[in-house]
Every structure is written in structure tokens, then in C-alpha cells.
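The values are calculated or read from the model by the stated rules, or taken from the named source; none is laboratory data. Since we're looking at a predicted model, the values are computed, not measured. Because the Cβ atoms are built from the backbone with ideal geometry, glycine has one as well, and the counts that use them run over all protein chains shown. The area values use the complete protein model at the heavy-atom level, side chains included, leaving out ligands, DNA and RNA. Shrake-Rupley method; radii C 1.70, N 1.55, O 1.52, S 1.80 Å.
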Amino acid sequence: IMRSVTRRMNRQLDTIAHQALHDDLTGLANRTQFGKQLDEALESAHGELPKLAVFFIDLERFKEVNDALGHDYGNELLTVVASRLAGVATQDELVARLGGDEFGVLSTRATDEASALAVAERLRTAIALPCEIAGVSLEVQGSIGIAIAPEHGTSRDELLRRADIAMY
């Protein structure tokens, strides 16, 4: 009985830990996990300047989809976009839903402007594919802001702020 109870409690703890770090709707990492992974990537530089890129993505006209078609369509659109972003991410990239219609990508592979622009183009292309949701074809675009460490900052707050500003 004790082993059974212990296994059940461990499964529940694993579930709680997963829920604390992942978005319920999309299954992607959430803002907390994104920040934690960014901190770890910055700290892993071991005194050297970190080399990585942070991407902020905001879906354009998402509010119009929610207003015109309803939140179920909006949620389905977020799920499709999340799946596409996760599908084009490499093992050196973390994709997260930061809230609402905002996504973030942390790339330890994109270490300069050229490689960051290549990642942004890959992300933009994935988002821009037409979405078929319940018989309605939707075309979505995303605004993408990029911050590259160390050029644009060496702390989580600096990089997130710079990527957010660049997005707008």
C-alpha cells in the first residue's frame, strides 16, 4: 500500500511541477520556464560573454480573430501556431507561450545577427502558413523582435526588454 501511495504522490508531484512550468493550452514552456532557461543559459557562459538570441513573437490581428470568431477559434489558432513553432525549433531552441498571443524563443544556436535573422525567417514562415480551423481559412502573421547577447544585454531583464521593444 505504501509503495502504491508513494507512486501516486510522485506522479501528482510530477504533474504539479509540469503545470507550474508549462502553458495549459499549448503545452509549451510558460513565461516562468522561459525565464529560468534564459537565466541558466546566461549563467552557463562561466564568466565569458553569453552568446544567444531571444525572440519575442506577437500574432498580428489575433484580437480580431477572437472578436469575430470567438475564443474557441482563437485558442485553436494559438494551439496551431504553438505546434508549428515547436515543429520548426531545433534542439538548441526553447519555444514558450509567454501569455495571450505572445510567444518567445530562446536560441543558443543563433549567436550573431545573420544566424538570428535565419531563425526569425524560419519562425515567420511557420507562422504564415494558412490555418484551417473548423472550415475557416485564416492567414496569420507575426511580429518578431530579436535581442542578441551580449550585444543587446547580458541579463534576462535586458534581453527580454530589448526583444520586446524590437518587436514593436
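Worth pointing out:
- Residue 71 closer than 17 Å to residue 25 by Cβ and not basic (Lys, Arg): yes
- Within segment 73-86, the set of residues being open to solvent by 60 Å² or more (accessible area, probe 1.4 Å) and within 12 Å of the chain's Cα centre (by Cα) comprises just one member, 83.
- Residue 68 being within 18 Å of residue 109 (Cβ to Cβ) and of a type outside the set (Phe, Trp, Tyr): no
- Scanning segment 127-147 for residues being in contact with a Lys or Arg (Cβ under 9 Å, 6 or more places away or on another chain) and open to solvent by 10 Å² or more (accessible area, probe 1.4 Å) gives a total of 5.
- Looking only at segment 44-69, and only at residues there that are within 30 Å of residue 136 (Cα to Cα) and aliphatic (A, V, I, L, M), the one that is modelled with the highest pLDDT: 57
- Segment 40-72 - residue that is at positive phi and among the small types (Gly, Ala, Ser) and, of those, surrounded by the fewest Cβ atoms within 10 Å (Cβ to Cβ): 47
- Those strands (runs of 3 or more DSSP E) of segment 121-168 in which 1 or more residues are touching a Cys at 6+ places or on another chain (Cβ under 9 Å) occupy 136-138.
- Residue match in segment 108-117 (condition: under 13 Å from the mean Cα position of the chain (by Cα), surrounded by 21 or more Cβ atoms within 10 Å (Cβ to Cβ) and touching a residue at least 12 places away in the same chain (Cβ under 8 Å)): no
- Out of 135, 145, 153, 99, sole residue that is of a type outside the set (Asp, Glu), at positive phi and within 15 Å of the chain's Cα centre (by Cα): 99
- Tabulated pairs, segment 58-75, first farther than 23 Å from residue 125 by Cβ, second buried (at least 16 other Cβ atoms within 10 Å of the Cβ) and of a type in the set (Gly, Ala, Ser), C-beta under 8 angstrom, 6+ apart or interchain: 66/74
- Number of positions in segment 21-45 that are free of Cβ contacts under 8 Å to residues at least 40 places away in the same chain and of a type in the set (A, V, I, L, M): 2
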